[in-house]
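Undergrad: If you scroll down you'll find the structure; I have some questions about it.
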Amino acid sequence: LGVERVKGVNFVVRRGVLRILLGGYLQLDPRRLQFVYDRYGKPALANGAEAAQLSFNLSHSKGLALYGITRGRPIGIDIERFHPIKEYRQIAAHFFSSRESAHLSALSLLQQLPAFLRLWTGKEAYLKACGKGLSKPLDEVELSARPDEPMQLLHVADDPRALAEWSILEPNLGSDFIGAVAVRG
């Protein structure tokens, strides 16, 4: 994983850094890399078999970018800057499973927003890794985000094997950001 902190990070800079990183892995000039996109918009490299083995993802929020690159296993990343969200309970009730919403409501008020953001980033990281993005309903992916426990998959509606095949990791991004990395294996 690579973390980049740049004020005013824009698409061109993020994509340039991604090209440099991927070019380094493949020992190719970053300008020669060709990206292709699946029907959900997930990028991949079209530079031959070795490039096709690389899976990569990035997420950015308010001047921070997080990059992940793996060989032979899908990866997804999401980060969010910690910020107040007035409607997080309504969002959770609408987009999270009933079990996740109940766990969230049972937490103290101080624990609820961090738990909400953990669930959100974990779900989005998993869906990005699967290549579905937010085309799949968020309540079909259920996570545990208890404050004192590592995040883990509890249920995936169309893939019962996912619980044993996927890991959700939480990189330490400091006190201002929260994030999740989903990787098969």
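Undergrad: Can you list the lysines whose alpha carbon sits under 18 Å from that of LYS42, skipping same-chain ones fewer than 8 residues off?
TA: Straight-distance partners of LYS42: LYS123, LYS128, LYS132, LYS136.
Undergrad: Still on this structure: With a probe of 1.4 Å, find how much accessible area the range 36-185 has per residue, and write the answer as a whole number in Å². Please report the intermediate quantities before stating the final value.
TA: Numbers: 7550 Å² over 150 residues.
Solvent-accessible surface per residue comes out at 50 Å².
Undergrad: Still on this structure, please answer the following. Exactly which trypsin sites (Lys or Arg not before Pro) in the range 16-100 are in a DSSP loop and have at most 11 other Cβ atoms within 10 Å?
TA: Here the sparse-neighbourhood loop sites are ARG39, LYS86.
Undergrad: Further question on the same structure: Quick one: 3J(HN,Hα) in Hz for the range 173-185, Karplus 6.51/-1.76/1.60 with θ = phi - 60°, rounded, Gly and Pro as x.
TA: 10, x, 7, 8, 10, 9, x, 9, 10, 10, 9, 6, x
Undergrad: Sum up the charges of everything whose Cβ sits under 14 Å from the Cβ of GLU165, counting Lys and Arg as +1 and Asp and Glu as -1, but leave GLU165 out.
TA: +1
Undergrad: For the range 60-185, with the dipole built from +1 on Lys and Arg beta-carbon atoms and -1 on Asp and Glu ones, taken about the Cα centre, which of HIS60, THR121, PRO160 lies farthest toward the positive end?
TA: It is HIS60, whose Cα lies furthest towards the positive end.
Undergrad: Pick out, in residue order, every one of the trypsin sites (Lys or Arg not before Pro) in the range 114-185 that is DSSP loop and has at most 10 other C-beta atoms within 10 Å; say none if there are none.
TA: ARG161
Undergrad: Moving on to the next point. In the range 49-185, carbon and sulfur make up what percent of the accessible area (probe 1.4 Å)?
TA: Numbers: 3560 of 6690 Å².
Here it works out to 53 percent.
The values are calculated or read from the model by the stated rules, or taken from the named source; none is laboratory data. As the structure is a computational prediction, the values presented were derived from the model and not from experiment. No Cβ is skipped: glycine too gets one built from the backbone with ideal geometry, and neighbour counts run over all protein chains shown. Side chains are part of the model used for accessible areas, which takes the heavy atoms of the whole protein and leaves out ligands, DNA and RNA. Shrake-Rupley method; radii C 1.70, N 1.55, O 1.52, S 1.80 Å.
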